[in-house]
2 protein chains.
Amino acid sequence: MPDIRHRVGIAAPQHRVYETLSTKDGLAEFWTKAEGDPEVGGKLSFFFGDPAPSAVMEIAELSPNERVQWRCVGGPPEWVGTTVTFDLKDSGEETVLLFTHGDWREPVEFMHHCSTKWATFLIGLRSGLEGGAFTAFPDDTKISGSWR
Amino acid sequence: MPDIRHRVGIAAPQHRVYETLSTKDGLAEFWTKAEGDPEVGGKLSFFFGDPAPSAVMEIAELSPNERVQWRCVGGPPEWVGTTVTFDLKDSGEETVLLFTHGDWREPVEFMHHCSTKWATFLIGLRSGLEGGAFTAFPDDTKISGSWR
């Protein structure tokens, strides 16, 4: 099935990257406002300016310092049923984050958009954890005038 | 087969985006230095700081203002045999560029890296054509300390 994949290398300790990906404060710092239960089996709702959440993720796996995995259970119809996985490892020089937003049913135009958009958030994650600026919503990098 | 996909919306005429993607000057402006024959059946070599080209693309299709497609015939082993396609359309509000670097044999870590890296060049293409800065090599956006 079609997957979105990305890789960034981050000059920050693996536990610091994991903390950002596994806590509501960290997720808000690099992606967007999160509410709910961030433990395995819990659900996190993510907000992009609307009163209703734009996406709801069930926490499928938390392997400390190594993996965060979500299953999308609410949000855009194209997202429901997909999985989002953040895998971390130490390359010896930096923390490598391998990202996969997998199991899309079809490689629709919205998937192309989300791929580019995830890149912006992950590059912002790298920047923020290295002492620069994060690029979380609503200060996210714009990639289209008509699609958010 | 695994594919890299991206989408950007650009506030520039479709023919201007096509010109950037189909000429050596345009490619140098947003990606990197290109040498060779940019016509269908010709080959373009792309340079990233080394005397030898890092990638060689055969021009598979040029549909004016609508599509540029390459077949990779030299460069990283993982790239050889893959195709790179830039599809353009007018959304009514902007020029939409759908990008596909398709037909990877395996979703290797290098593919994750290239996906994020293509995003940076396409976001730079958008920026440059809208009057901001391009982010071509060697002024490209860094996404890892250890991988270029």
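Taking every alpha-carbon pair under 8 Å whose residues sit at least 6 apart, the stretch B:58-138 reaches a relative contact order of 16 percent. Specify whether the C-alpha gyration tensor of the stretch B:1-71 places it in the rounded, prolate or oblate class, a ≥ b ≥ c being the square roots of the eigenvalues: rounded for a/c under 1.5, otherwise prolate if a/b is larger than b/c and oblate if not. Note, shape of the stretch B:1-71 comes out rounded. Taking a ≥ b ≥ c as the square roots of the eigenvalues of the alpha carbon gyration tensor, the stretch A:1-121 is oblate, as a/c is not under 1.5 and a/b does not beat b/c. With contacts taken as Cα pairs under 8 Å and at least 6 residues apart, chain A reaches a relative contact order of 27 percent.
Sequentially through the stretch B:5-21, phi angles give Karplus couplings (6.51, -1.76, 1.60; θ = phi - 60°) of 10, 8, 9, 10, x, 10, 7, 8, x, 4, 5, 6, 5, 4, 4, 5, 7 Hz, Gly and Pro residues having no value and appearing as x. Is the C-alpha gyration tensor of the protein assembly as shown telling us rounded, prolate or oblate? Criteria: a/c under 1.5 is rounded; beyond that, a/b larger than b/c is prolate, otherwise oblate. Taking the square roots of the gyration eigenvalues as a ≥ b ≥ c, the protein assembly as shown is prolate.
No value in this document is a laboratory result; all are computed from the given coordinates. Just so we're clear, the structure is a prediction, and the values are computed from it rather than from any experiment.
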